[in-house]
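In what follows, a single structure is set out as structure tokens and then discussed.
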Amino acid sequence: MKLIGNNGTGERQAAGPSTDTETGARPTEQATGGLPAQRTTATGPVDVTGYGPESLVHLTADQVAAGSARDLAQVLDGDDDGDDSFETALAAREQAALEARHRGSADAGDPNAASQLGALLLRRGDLRDAEPYLRSAAAAGLRAAANNLGVLLHQQGHRAEAAQWWRQAAVAGSAPAAHALGLQLRDQGEEEAAEYWLHFAAEQGHPLGAYALGDLMEHRRDVRAERWFKAAADSGHREAAYRLARMREAAGDKDTAETWYRTAAARSHARAALRLGVLLEARGDLDEAARWYRQSAQNGEARAACALGFLLRDTGDLSAAAEWWQEAAEAGDGTAANALGALHAGRGESTVAERWYRAALDAGDHNGAFNLGLLCAGAGREAQAEQWYRRAAYAGHREACNALAIVLLQRGDESGAEPWFSKAAEAGSVDGAFNLGVLHAGRGETGQAQEWYARAAAEGHGEAALQLAVAQEQRGNLAGALDRYRQAADGGSAEGAFRLASLLDRRGDADAEAEHWYATAADAGHRRAQVRMGVRAAERGALQIAESWYRRAAEGGSRSAAFNLGLLLARQDSEAEAMLWYTRAADAGHGRAALRLALLALRRGEAVQAENWCRRAAEYGPAEVAERAGRLLGALNAELSA
């Protein structure tokens, strides 16, 4: 009995607090939904609003005053970039004028102007200049100023004071302040208080508050998380749409999941586009899946580039597949690196394959070590292969455990092999479970062997099911044997298919099914099944079909097929070729073929050659043939003596 083996969720994000939308100090909004700006990275969209507005590049009022006249003159003279530069210069002048008006009113004691000016300066990044104006407006009771002062203080690292101002603004009804305060309390571990303020923000329609509340609830496995993710997603929050889709997919609701993946992917969410591609590929919509994989890959998702590579490979476009795998591998995707390694290994380019397998290992994918082991084993570098198998096995790679065990067993180290087979089997390797069964069977430990065979068979291992079927048949449980033989045949065991057909044949009430399984085994290269197909074809007069099956089996080394082919050719008056196949069968130990050759030699008057074939026929058997050969040999000796 042969050993079998190859010996040879979306990340969590916490959106930061935003500035109060009641003033000018707001983060940049997305065109599609008024959301805080998000940047897409290789791991997905990241909210960069932080605890305040994004830092925008602006000219100061003095710079604008000094340079605007010159810039405007250049635009009018055609010396700059045209309309865009003109509008930029004009906007800068208007900004400077607005700032000057706010500053004048604020310095005159207008709290609203102080709040507006503070927000403008905060957005520009002039924290020192903004702080006194925001403090003045916040002290006057303006909640927007209190929120923005909290943003400023948080950016300066004064978290405790920031929380005080956010609390003041939130109590006054500011949803952005409630959101910011909730996040800070959550980060401090005060989840109950955090939930209160995030809920306050979410109830007022604040998308980031709804998302953060959903995130907090999902972390606690609170079923209400879905409601708040949906509220945020409905307001245009793409990460919320993605998280909602993941929840629906986990619940088995793929239709709703697809809808939300589409929503997030349409907003350029890279991981949503990847998951959408996976769903579409699974149901066979390959063209659309490829489009979403491509969008995801172009937005920096290496796994999508890898998936697109596999999709293209399956459609036969290896060149394009390799390009996407290389892009993914260079971005650190170990699966893609392994795929490139396998591609080059298949072409015989072992040096390049080894480089990519090492890249996969460097990316943390221990398949790379296993594949390096396979590559070394294929090149006859057994010591290196064992080292790589061992490295992958210690990292928990189950097939590497199985391969290492086979290496150890083949050099006689059964005690060293057994724990690795066990580790492979316990990790879910069906080959490991089967091989452990073989190990126990070799020691005569039938009960333990059957347990491991059953475990492997339950996972679809055909050869394990075959061993169970043989045991059932030996015990006389033919019904149980038939079930196991069917399982073995369905699992790809040619011997299982042949034995199933033979048992059905002997039972005599399922000829069509028997023929089917004989054909299945024969197509898989099972020589006895090929002979049986030839015999059945000959019995119904389909001699060409019979000859075809006999030739396949005979060329594969079947002596019975060679003899039957000789008989068939002799009946068709192809005596010379028939002699060749009789001789091949007899040389392989077929007694009837040797006896046939003895008779033909005797017919030609070649008594000595006939005697030689008779002796071989008597030696090969079976008993009936040996008896006939003995009688013929006696007659020949008497004739030669006379």
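Observations on the model:
- Test: residue in region 483-498 that is charged (D, E, K, R), at pLDDT 95 or above and within 19 Å of ARG527 (Cβ to Cβ): yes
- Remark: pairs (first residue in region 196-223, in a loop (DSSP other than H, G, I, E, B); second residue modelled with pLDDT of 95 or more and buried (at least 20 other Cβ atoms within 10 Å of the Cβ); Cβ separation under 6 Å; 6+ apart in sequence or on different chains) = GLN204/ALA175; HIS206/ALA175; HIS206/HIS179.
- Evaluation of ALA270 against the conditions (1) aliphatic (A, V, I, L, M); (2) surrounded by 20 or more Cβ atoms within 10 Å (Cβ to Cβ); (3) within 27 Å of ALA175 (Cβ to Cβ) shows that the sole unmet condition is (3).
- Region 358-376 residues that are within 12 Å of THR335 (Cα to Cα), paired with ones that are part of a helix (DSSP H, G or I) and among the β-branched types (Val, Ile, Thr) (beta carbon under 7 Å, 6 or more apart): ASP365/THR335
Here is a yes/no grid of residues against (1) charged (D, E, K, R); (2) in contact with a Cys (Cβ under 8 Å, 6 or more places away or on another chain); (3) at positive phi:
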| position | (1), (2), (3) |
| --- | --- |
| ARG303 | yes, no, no |
| ALA307 | no, no, no |
| ARG313 | yes, no, no |
| ALA321 | no, no, no |
| TRP325 | no, yes, no |
| ASP333 | yes, yes, no |
| ALA342 | no, no, no |
| ARG347 | yes, no, no |
| ARG358 | yes, no, no |
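- Subset of region 614-625 [open to solvent by less than 30 Å² (accessible area, probe 1.4 Å) and in a helix (DSSP H, G or I)]: CYS614, ALA617, VAL625
- Filter result for GLU301 (in contact with a Leu (Cβ under 6 Å, 6 or more places away or on another chain), surrounded by fewer than 18 Cβ atoms within 10 Å (Cβ to Cβ) and within 30 Å of LYS254 (Cα to Cα)): no
- Residue in region 572-589 that is surrounded by 14 or more Cβ atoms within 10 Å (Cβ to Cβ), touching a Lys or Arg at 6+ places or on another chain (Cβ under 9 Å), not polar (S, T, N, Q) and not in a helix (DSSP H, G or I) present: yes
- Counting the residues of region 294-311 that are under 14 Å from the mean Cα position of the chain (by Cα) and under 18 Å from GLY334 (Cβ atoms) gives 9.
- When each of ALA417, ALA405, ALA441 is tested for being closer than 18 Å to HIS461 by Cα and either touching a helix residue (DSSP H, G or I) at 6+ places or on another chain (Cβ under 6 Å) or not hydroxyl-bearing (Ser, Thr, Tyr) (or both), the lone residue that passes is ALA441.
- Reported count of residues in region 496-530, each being more than 21 Å from ALA471 (Cβ to Cβ) and either aromatic (Phe, Trp, Tyr) or open to solvent by less than 20 Å² (accessible area, probe 1.4 Å) (or both), is 6.
- Residue within region 408-415 that is part of a helix (DSSP H, G or I), modelled with pLDDT of 95 or more and of a type in the set (Gly, Ala, Ser) present: no
- Selection count, region 425-449, where residues are part of a helix (DSSP H, G or I), within 20 Å of SER415 (Cα to Cα), open to solvent by 40 Å² or more (accessible area, probe 1.4 Å) and not small (Gly, Ala, Ser): 3
- Residue count, region 253-307 (criterion: among the acidic types (Asp, Glu), part of a helix (DSSP H, G or I) and under 22 Å from ARG227 (Cα atoms)): 2
- Count - residues of region 224-252 that are open to solvent by 20 Å² or more (accessible area, probe 1.4 Å) and in a loop (DSSP other than H, G, I, E, B): 4
The values are calculated or read from the model by the stated rules, or taken from the named source; none is laboratory data. Quick caveat, the model's predicted, so the values are computed rather than measured. Note that we place each Cβ from the backbone using ideal geometry, even for glycine, and neighbour counts take in every protein chain shown. These area figures cover heavy atoms from the full protein model, side chains too; ligands, DNA and RNA do not enter into them. Shrake-Rupley method; radii C 1.70, N 1.55, O 1.52, S 1.80 Å.
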